[in-house]
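Undergrad: Before I ask anything, let me first share the structure, which is written out below as structure tokens.
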Amino acid sequence: MYKQIHHVSLEVKKLKRARSFYEKVLRFEVSEERPDFDFEGIWYNLGGTQLHLIVNSSLNEDAMPTLNSRSAHFAIRVDSVQELIDRLEKAGCTYLDKPASKTGWHQVFVQDPDGNIIEFNA
């Protein structure tokens, strides 16, 4: 009955700041499929899944969760995490590196500017 996850939606406070992170640091590909909604946002293509960022200007930036692997997050499988680690370090981003995770995957966790946590694994 279920085929795949179509998209994941995350709330962000400032779209320009979020786009800088997702496009310049993570190098996500912008989707042209987003309709002309009456609210700000952007969609990204991630293989067969999409990431939808939705602006919520009332987000409390002081309530950002601590970066850890047990907080709510979604995961993206990649060929190798080293290129990602290099880009994160160049951008001055804090990340959690778990090269010998019990999962058997090399995992890297990072937060976007609004506190949303993303896991990358290979």
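Undergrad: Go through (1) of a type outside the set (Phe, Trp, Tyr); (2) in contact (Cβ under 8 Å) with a residue 40 or more places away in the chain; (3) touching a His at 6+ places or on another chain (Cβ under 9 Å) for Asp114 and report which single condition fails.
TA: So the condition that Asp114 fails would be (3).
Undergrad: Here's a follow-up. If you take the residues in the range 13-41 that are part of a loop (DSSP other than H, G, I, E, B) and in contact (Cβ under 8 Å) with a residue 24 or more places away in the chain, which one is nearest to the chain's Cα centre (by Cα)?
TA: Ranking the candidates gives Leu26 first.
Undergrad: So which pairs qualify, if the first residue must be in the range 42-63 and under 19 Å from Phe74 (Cβ atoms) and modelled with pLDDT of 90 or more, the second must be of a type in the set (S, T, N, Q) and buried (at least 17 other Cβ atoms within 10 Å of the Cβ), the Cβ gap must be under 6 Å, and the two must be at least 6 apart or on different chains?
TA: Trp43/Gln50
Undergrad: Between residues in the range 68-94 that are more than 21 Å from Thr49 (Cα to Cα) and residues that are surrounded by 14 or more Cβ atoms within 10 Å (Cβ to Cβ) and of a type in the set (Ser, Thr, Tyr), which pairs lie under 6 Å by C-beta distance while being six or more apart or on different chains?
TA: Leu88/Tyr95
Undergrad: Another one. Being within 15 Å of Phe120 (Cβ to Cβ) and not small (Gly, Ala, Ser) is true for just one of Pro99, Pro65. Which residue is that?
TA: On the way: Pro65 fails: within 15 Å of Phe120 (Cβ to Cβ).
Exactly one residue qualifies, and that residue is Pro99.
Undergrad: Quick one: which residue in Phe21, Phe37 is modelled with pLDDT of 95 or more, among the aromatic types (Phe, Trp, Tyr), farther than 18 Å from Ile5 by Cα and loosely packed, with under 13 Cβ neighbours inside 10 Å? Write out each step before concluding.
TA: Working: Phe21 fails: loosely packed, with under 13 Cβ neighbours inside 10 Å.
Just one listed residue meets the conditions, Phe37.
Undergrad: Out of Leu67, Leu53, Leu10, which single residue is assigned to a loop (DSSP other than H, G, I, E, B) and surrounded by 15 or more Cβ atoms within 10 Å (Cβ to Cβ)?
TA: Working: Leu53 fails: assigned to a loop (DSSP other than H, G, I, E, B); Leu10 fails: assigned to a loop (DSSP other than H, G, I, E, B).
Sole residue among the options that is assigned to a loop (DSSP other than H, G, I, E, B) and surrounded by 15 or more Cβ atoms within 10 Å (Cβ to Cβ): Leu67.
Undergrad: Taking the range 98-119, which residues are touching a Leu at 6+ places or on another chain (Cβ under 7 Å), in a loop (DSSP other than H, G, I, E, B) and either under 15 Å from Arg87 (Cβ atoms) or not acidic (Asp, Glu) (or both)? Please lay out each step first, then the result.
TA: Going residue by residue through the range 98-119, those that are touching a Leu at 6+ places or on another chain (Cβ under 7 Å) are 108-111, 114, 116-117.
Filter once more, so that each one left must be in a loop (DSSP other than H, G, I, E, B): 114, 116.
Result: Asn116, single match.
The values are calculated or read from the model by the stated rules, or taken from the named source; none is laboratory data. Keep in mind the model is a prediction, meaning the values are calculated, not measured. We place every Cβ from the backbone using ideal geometry, glycine too, and count neighbours over all the protein chains shown.
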